[in-house]
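S.K.: Have a look at this one before I ask anything.
Just so it is clear, none of the values below were taken in a lab; they were calculated from the coordinates. The structure presented is a predicted model; accordingly, all values stated were derived computationally and were not measured. Cβ: placed from backbone, ideal geometry, glycine included. Neighbour counts: every protein chain shown.
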Amino acid sequence: MKRLLIAMLMAAFVISTPDSMLAEEKTAENPAEKQEESPGFLHKLAWYIPNRILDAFDMVRLRARVGPGVAADVRVTKMASVFAGTYTTVYAGLPGPRNRRLPKLPVGLESKNGIEISVIDAAVSGGIDPDYGPAEFGFGAQILLVGFDFGIEPFDILDFITGFFFSDLRHDDI
């Protein structure tokens with residue numbers, strides 16, 4: 001029943017994907033078929049302002065969570081992180097680094113259970129984990145029915161700054 005509810009809620013948040021991005025995802029499955037095509041200048045110019053806005057949102061994760069659980073985590077990069085607890089929640093707020101081209105929605109589902117200490121990861125996320133950036137530092141907590149998650153991704157700050165000069169370090173511009 002719980003899995004059915006999660007699947008139904010996730011289906012409600014599906015974003016329609018442009019055909020060009022679907023083709024990119026399909027070719028990414030087989031590296032031999034992947035074509036390295038750089039978008040033209042007019043494409044970059046047309047998407048310049050939306051990409052800078054998305055890059056600005058990528059820098060910070062600040063979300064409120066509602067749902068059952070008890071957990072705490074501290075991150076100083078993926079290599080230096082500690083998590084212990086369990087929660088399954090609905091969140092709202094700034095989702096943090098995209099780690100992909102498509103934007104994340106400001107609301108969604110999140111679930112994490114177990115213990116994680118640096119690279120020793122005994123936590124299970126069920127495919128709806130927070131998706132932290134590799135250099136992100138921050139902290140979060142879940143206390144019974146409410147929680148929060150805060151983080152800053154320094155590499156996305158650099159990506160935001162260099163984006164003004166048409167350089168996309170994260171390769172996440174649309």
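S.K.: With a 10 Å Cβ neighbour count serving as the proxy for reagent exposure, in which order, fewest first, do PHE150, PHE41 appear?
M.R.: PHE41, PHE150
S.K.: What does the charge count around ASP121 come to, taking other residues whose C-beta lies under 13 Å from its C-beta (Lys +1, Arg +1, Asp -1, Glu -1)?
M.R.: 0
S.K.: Indicate the gyration tensor shape class of segment 41-163 (rounded, prolate or oblate), computed on the Cα atoms with a ≥ b ≥ c the square roots of the eigenvalues: a/c under 1.5 is rounded; otherwise a/b larger than b/c is prolate and the rest oblate.
M.R.: Prolate is the answer for segment 41-163, as a/c is 1.5 or above and a/b outweighs b/c.
S.K.: Can you sort ILE143, ILE49 by how many other beta carbons sit within 10 Å, fewest first?
M.R.: So the ranking, lowest neighbour count to highest, is ILE49, ILE143.
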